[in-house]
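One structure is given here, and the rest of the page talks about it.
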Amino acid sequence: MVRGLPCLGNEDQDSVRFRLIMGPILLLVWFSAVSSRDSVDPVDTVTELALRAGRGDKSALTQFIEATQGDVWRFLAHLAGREQADDLTQETYLRVLGALPRFAARSSARTWLLTLARRVWIDSIRHDLARPRKSITQYDDVAAQKPSPDNPNTWSEVIDARTLLDALPAERREAIVLTQVLGYTYEEAARIAGVRIGTIRSRVARARRDLIEGA
């Protein structure tokens with residue numbers, strides 16, 4: 001429960017609660033991998049790399065993988081768990097190798113790539129429906145680290161926030177990860193998930209509500 005909030009309207013108070021919940025989650029993302037979105041290369045450059053790689057440019061392929069693997073790994077880690085993220089990321093790029101010659105830049109390369117990653121995740125669920133979600137012990141390595149003196153969040157708060165995220169239904173978790181964690185627009189998230197923008201907005205709204213109620 002978030003305590004000590006000023007007297008606000010319900011909508012404003014919910015927004016504050018949501019930011020307090022998402023803050024530790026974003027902190028976990030920061031420490032878990034190097035963000036490919038911190039790269040100086042804009043999205044159109046990544047798309048150009050994909051087009052060149054599809055024409056057989058090996059150097060462009062290497063650069064494309066280096067520029068995007070952070071987003072792919074984090075996306076899959078949030079959906080499937082950290083322990084599965086490495087294997088699913090590898091499988092995603094194996095599929096990329098076969099699909100790049102057909103990439104026509106109808107969407108950005110990042111959007112196209114996360115669409116492939118999502119399919120890999122769905123296929124993994126279909127092959128192992130009985131596998132339980134990962135427990136909180138998978139974050140013990142993160143919890144064992146000492147937070148920065150400038151970090152206002154304790155690691156217990158980080159893990160509690162991540163547990164809330166894990167408890168969301170898969171579709172809502174995917175929507176909140178794409179838009180609030182990885183920073184994709186609603187339009188981009190809708191393309192990745194293969195649904196309408198309104199559906200993504202609805203899933204994000206429901207995920208926000210679930211996170212606030214669970215805090």
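The values are calculated or read from the model by the stated rules, or taken from the named source; none is laboratory data. Remember, it's a predicted structure, so these values are computed and weren't measured experimentally. Glycine gets a Cβ as well: all are built from the backbone with ideal geometry, and neighbour counts include every protein chain shown.
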Name every residue in region 172-210 that is farther than 19 Å from residue 119 by Cβ and among the hydrophobic types (A, V, I, L, M, F, W, C), in order of residue number.
176, 181, 197, 204, 205, 207
With the condition kept exactly as written, say whether any residue in region 88-104 is under 14 Å from the mean Cα position of the chain (by Cα), at pLDDT 90 or above, at negative phi and not small (Gly, Ala, Ser).
yes
Region 95-111: number of residues that are assigned to a loop (DSSP other than H, G, I, E, B), in contact (Cβ under 8 Å) with a residue 12 or more places away in the chain and of a type in the set (A, V, I, L, M, F, W, C):
2
For region 180-215, give me each residue that is touching a Leu at 6+ places or on another chain (Cβ under 9 Å), in contact (Cβ under 8 Å) with a residue 60 or more places away in the chain and within 21 Å of residue 167 (Cα to Cα).
180, 181, 182, 193, 211, 215
Looking at 189, 175, 205 in this structure, which one is at pLDDT 90 or above, assigned to a helix (DSSP H, G or I) and either among the polar types (S, T, N, Q) or surrounded by fewer than 15 Cβ atoms within 10 Å (Cβ to Cβ) (or both)?
205
For the structure I just gave you, tell me whether residue 198 is over 30 Å from residue 51 (Cα atoms) and modelled with pLDDT of 90 or more.
yes
Of all residues in region 50-66 being of a type in the set (A, V, I, L, M, F, W, C) and within 22 Å of the chain's Cα centre (by Cα), which is surrounded by the fewest Cβ atoms within 10 Å (Cβ to Cβ)?
65
